[in-house]
1. For the stretch A:182-289, which trypsin sites (Lys or Arg not before Pro) pass both filters: DSSP loop (anything but H, G, I, E, B) and at most 12 other C-beta atoms within 10 Å?
2. Which lysines have a Cα lying under 21 Å from the Cα of B:Lys197, excluding residues fewer than 8 positions away in the same chain?
3. I need the helices of chain B that pass two filters: whole DSSP H segments spanning 24 Å or more by Cα along the axis, and mean Kyte-Doolittle score no lower than 1.6.
4. Step by step: find N for the protein assembly as shown, compute 2.2 N^0.38 Å, then divide the Cα radius of gyration by it. What's the final number?
5. Please report B:Ser215, B:Ser99 as a ranked list, fewest other C-beta atoms within 10 angstrom at the top and most at the bottom.
6. Please check: in the Gaussian network model of chain A (C-alpha springs, under 10 Å), which one of A:Ala101, A:Ala178, A:Ala170 has the largest mean-square fluctuation.
7. Can you work out the Karplus-derived ³J(HN,Hα) for every residue in the stretch B:60-66? Use 6.51 cos²θ - 1.76 cosθ + 1.60 with θ = phi - 60°, whole Hz, and x for glycine or proline.
8. Counting other beta carbons within 10 Å of each residue's own, what order do B:Thr18, B:Thr267 fall into, fewest first?
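Derivation of every value follows stated rules applied to the coordinates shown; laboratory data play no part. Please read these numbers as outputs of a predicted model, since none were measured by experiment. When we count neighbours, we look across all protein chains shown, and the Cβ atoms used for this are built from the backbone with ideal geometry, even at glycine.
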Amino acid sequence: MKRTPRELFIEFRLWTESHKRIAYPLFIGVALILAYLVYRLVITRLLNIHISYNFDFSVFLRQRLTDKSTYLSLLLWGFLTTLRISAISIVLAMVLGTIIAVLKLSKIKVLVFLSSAYIEFFRNTPLLIQIFIWYFGSDPFLPQVVKDWIYSQNIEFAYGVIALSTYTAAFIAEEIRAGIQSIPREQMEAARSQGFTFLESMRYVILPQAFRIVVPPLINQSLNLVKNSSLVMAIGVVELTHVARIIEAETSRVFEAFSMVTLIYLALSLVISFAINQYNRRFLRYIKY
Amino acid sequence: MSNARTKRLTRITISAMTFSVLGILVALELAFGSVSHFLFAMVDGLKTVRFDVITTNIKYLLLGPPRRMGGIVLTLYLAGISLVLAFVVGLIFGLMRNSARAWIRYPAVAYIELIRGMPLIMVIFWFVFLLPKVFGYVIDDVYNVIIAFVCFSGAYMAEIVRAGILSIGKGQMEAARSTGLTRAQTMVYIILPQALKNMIPSFVNQFMSLTKDTSLAWFVGLFELTTVSSQVSNRVLVAPTEIFLFCAMVYFIICYSLSAASRWLETKLQAGAR
């Protein structure tokens, strides 16, 4: 039986649909090879540009000149610093953000104004400028007790934590306020008419829903915080991005350092967004927005 | 259970939390005197503010070095150009992301996830170091940074476009298809005009966050608002607070008016849709 090309194509598509596990990796592989061939043709033959860069990932095993540690341990140190600064800041930001959200929901005009002013100021100015204000310019404003405490710490790290947590708190406050306001008032009335007391209906009806609505944006904010923590390199905290710059400056292996650090950031963000997806799949099935 | 009573109870809980915060502040004041100390320190700090630093350097702070684009102009230029180009990138990748075909969708997913998982500063470093290698010669850092902003912002724009298209609803697509339009025609003539109108507030918001993000050009030394003010601060040496607060104020005026515009547009467009 002779088949037309169109029929052949349809049969091919049906086969790929039924053998997804084999077909898609094959397609991706063929596409990558084709892309490489086109790249070689266009870049090296037509445009006559020769990019010669030999990747040498053994650079991470080299020892630094300053001390006898390897660059791998420096990278690990940077990774740990990023995790540490993000973890401390997210806890502080949650506490501060919850307080500000509650103040914004209160009925006292002055407190509402103050919390709104806080949120608007920190949301509408760049984080880098805020870090500069805290690090270079907070001296006249902070009381002596706080200054003494900060100067007894790792100063850059302390100011980095303060800047990141105050910045993130403004965003978290808005998320929490939206979460509390998103639960309709009828829920409370329905729970009360079932015979729950106020605290019981808060505990069993309102808070579980509000919590489930608030958690995904909060995880998202913590992801943003991990990414924003790269900005504290401006004041000299040796975190992941700063480590990339150090390796680049000391060994001039630019792309090894940057690709390694990019991979670490990607892994972190993939882990966090996987957590959000799992959370949504498990807990948000029954909530309709 | 009356509505009024529920309202009252919610109000009571919120005011109880408010008063407990106030109580903590009062307790701190009574125990250590730290609150009044803080206020006095702030007042003392305000006494030493030197506004003459701002007024003598105002032209440099706002416009940067002479005979070159800088300061506030460069900030808005970077944000504006990047927004326009990122809109094109975002439209393309947002449509690809919505495609039914896997081989179109997955490259867009990969691009969006890759960029959204990276800090902006890494993207900027990549382009600043990579592009000279690719082009074979060094181009002006302004263009490197604009390309980095476009790539970064394009991924976020793609998500905005995708959300906008999803918000239109299946009924429109089905109705248009049943009148005989193809998928592409439906997209161009039916879905996109409505979706783009809904997306306008998000675009204004994106412009605002791009304006904030242009401060990262400090890392590669473009003469935009942040770099210029840190230069002035390094030259004057004694007044970092005033200079950086002034810089923050300029950013605040731009960004707050943009976000207010976005909120206004949102209510106006919603009112039009009804």
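1. Qualifying residues, ordered by number: A:Arg285, A:Lys288.
2. B:Lys170, B:Lys268
3. B:71-97
4. This ratio for the protein assembly as shown stands at 1.10.
5. Least crowded to most crowded, the residues run B:Ser99, B:Ser215.
6. Looking only at A:Ala101, A:Ala178, A:Ala170, the biggest GNM fluctuation is shown by A:Ala178.
7. Per residue, the Karplus-derived 3J(HN,Hα) values read 5, 5, 8, 10, x, x, x Hz.
8. B:Thr267, B:Thr18
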